[in-house]
Amino acid sequence: MDKLVIEGGKRLHGRVTISGAKNASLAMMPAALLASGVYHFSNTPNLRDVYTMSRLLGSMGLFCELNGNDLLIDANNITSLEAPYELVKKMRASFYVLGPLIARFGEARVSLPGGCAWGPRPVDLHLKGLEKLGAEITLEAGYVHAKCQKLKGAKFHFDISSVGATGNVLMAATLAKGTTLLSNAAIEPEITSLARMLVKMGAKIDGIGTSQLEIEGVDTLNAVDFETIPDRIEAATFLIAGAMTKGKIILENTNPYHLTSVLEKLEESGCKIDVTGESILLEMEDIPKPVDITTSIYPGIPTDIQAQWMAYMLKADGTSKITENIYTDRFKHVPELLRLGADVQIADNVAIIKGGKQLSGATVMSSDLRASASLILAALVADGSSEVLRIYHLDRGYEAIEKKLIGLGAIVKRVKSELI
Ligand code: EPZ
C-alpha cells in the first residue's frame, strides 16, 4: 500500500487542471447497460473507482478501455446480469447497475454494497423506487434479486434526497412503460448531467435540474458520446489547499456554478476569488477567519468537502463549527487530525474546531476517500514531514493528486510500498 510523504510549509501557487467528476462517471458508465452500441465518454478521470466500475461492467460482457481521459465502452455483448460481491464490495456505486439491468433485461442479481467505512449506508430508497416501478425484489445471501417482465411508470417520492437512488430509479424509468413522476429527486450536478445524457440517448425526461422529474418511458435507447462534467469536489479540495497555504492558485476546467456555496464560504473566510469562464482564481494572504458550515444536499455545502473544510479551519484564528447532516459518523478523519496537533471536539453530528494551533508532522492513516484528502491538506501546513498511509483511498477519487500538488509547489513524494 503506497504512502505520501509531505513536507509542510509550502505556499501553493500556479495553475492546476481539474479532472472530470468521479461521481458523474460512476453514474454514466452503468447507463451503458441501457442500450447496446459503442459509447465515448470524454474527460473521464483516470481513477481507481472508474477502473473498478470498468471491471464490473467487464464482468457483464461490456468492453471498457480508457485512453488518456477518453473512455470507450462497447456494450454490444452483455453476457451476465449479475454484479458479484467481490466487485460491488469495493465500491458502493456498483449498485447503480441494478436499475438499468432490471429495466432492459427484466432481471438482475446485484450484491448489496460495501462502500465507505462510515455509518450504515442503506439502499432502501433504491429498492422501494424500483418496486414502485413493478420490480419484484428479494434479498438472499447478501444479494438483491430483482425480476420484472416490464417495468411500469409510477409516482415515487424519495423520503430522503438520495443521489444514488435517484440515479438508479431514473435510469430504470427511462425504459418503463408509461409515465414516471419522481419527487424529492436529487439535483446534484452529477445527476443532472446523467439525465442530460439519458435524453441524448433518446430518453424523455422533463424537469431536469429540479427535484420533480417526469419520465415518459421509451422502448429503446441508443449509445452516445458524452463529456464528463468537471469534478466539483476535487476543485473544492484544491481551493481549500490554496487557502490553507496562503497561496495563489488558478483552477482550470471547472464549472464555478457547481461551487457557489463553497466559493461563498471561502470568501467569508477571507479568500479573494475571481471567476472567469471555467477558471477560478483564489488568493489568500491572511490567516483564515473561522467560518461554520452545515453540510446539505445540493446546492448547499457538499458533505464530500466536510473533512477538507475541517482541515482548513484548523488554521483559522478562532473556533468554528461543522454540522454533518448527510451521514452519521463521517468524522473518521478526526483522530488522525488530532495526531497532527489539531484541537477538535465531536458531539453527535457536530464538530467544534479550535483553530490557530501549530500542527506538526506525523504519520497518519487514511480511512476513506475524503478523510485522506483532509489529512493531505493538514500535512501541507504542518511543521516538518508527514506520512499519509493507505493512499489507495485517495487514488479512488483524485487523479494524480501528488503530481498536481507538486505542480503547485508542494513537496510531496509517493512511496510505493513493497507490500502488495
Ligand atoms: C453519493 O453517494 C456520492 N457517491 C457520495 O460521494 C456523496 O457523499 C453522496 O452522494 C451525498 O452527496 C457517488 O455519487 C458515487 P446518497 P450515495 O444516496 O448516492 C441515505 C465521495 O466521496 N440513503 O445521496 O451513496 C444515506 O445513508 C462519495 O465521492 C438512505 O437512507 O449517497 C445518506 O445518509 C462518498 N437510503 C443520504 O441518504 C438509500 O436508499 C445520502 O446518501 C440511499 C441513501
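The values are calculated or read from the model by the stated rules, or taken from the named source; none is laboratory data. No experiment lies behind these values; they were computed from the predicted model shown. Here Cβ is always computed from backbone atoms with ideal geometry, including for glycine, and neighbour counts include all displayed protein chains.
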For the condition of a type in the set (S, T, N, Q), within 16 Å of the ligand (Cβ to nearest atom) and either surrounded by fewer than 24 Cβ atoms within 10 Å (Cβ to Cβ) or in contact (Cβ under 8 Å) with a residue 24 or more places away in the chain (or both), what is the one hit in THR319, THR254, THR276, THR328?
THR328
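Filter segment 246-284 down to residues that are in a helix (DSSP H, G or I) and either of a type in the set (Gly, Ala, Ser) or touching a strand residue (DSSP E or B) at 6+ places or on another chain (Cβ under 8 Å) (or both), then give me how many there are.
Within segment 246-284, the subset in a helix (DSSP H, G or I) is 256-268.
With either of a type in the set (Gly, Ala, Ser) or touching a strand residue (DSSP E or B) at 6+ places or on another chain (Cβ under 8 Å) (or both) added as a condition, the list becomes 256, 258-259, 261-263, 265-267.
The number of residues fulfilling the criteria is 9.
Could you pull out the residue among GLY153, GLY106 that is farther than 28 Å from ARG48 by Cβ, away from the ligand (no atom under 14 Å from the Cβ) and crowded, with 18+ Cβ neighbours inside 10 Å? Working first, answer last.
Values: GLY106 fails: crowded, with 18+ Cβ neighbours inside 10 Å.
GLY153 is the lone residue from the list that is farther than 28 Å from ARG48 by Cβ, away from the ligand (no atom under 14 Å from the Cβ) and crowded, with 18+ Cβ neighbours inside 10 Å.
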Anything in segment 218-243 that is among the aliphatic types (A, V, I, L, M) and either surrounded by fewer than 23 Cβ atoms within 10 Å (Cβ to Cβ) or out of contact with any Phe, Trp or Tyr (no Cβ under 7 Å at 6 or more places or on another chain) (or both)? List them, or say none.
VAL218, LEU221, ALA223, VAL224, ILE229, ILE233, ALA235, ALA236, LEU239, ALA241
Being in contact with a helix residue (DSSP H, G or I) (Cβ under 8 Å, 6 or more places away or on another chain) and farther than 24 Å from ASP292 by Cβ is the filter here; which residues of segment 337-362 pass it?
GLY361, ALA362
Pull up segment 330-389, narrow it to residues that are of a type in the set (Ser, Thr, Tyr) and within 25 Å of the chain's Cα centre (by Cα), then point me to the one that is modelled with the highest pLDDT.
SER374
Working only within segment 150-179, note down all residues that are polar (S, T, N, Q) and either free of Cβ contacts under 8 Å to residues at least 12 places away in the same chain or within 15 Å of THR210 (Cα to Cα) (or both).
SER161, SER162, THR166
Quickly run through segment 165-217 and pick out the residues that are surrounded by 16 or more Cβ atoms within 10 Å (Cβ to Cβ), of a type in the set (Gly, Ala, Ser) and in contact with a His (Cβ under 6 Å, 6 or more places away or on another chain).
ALA165
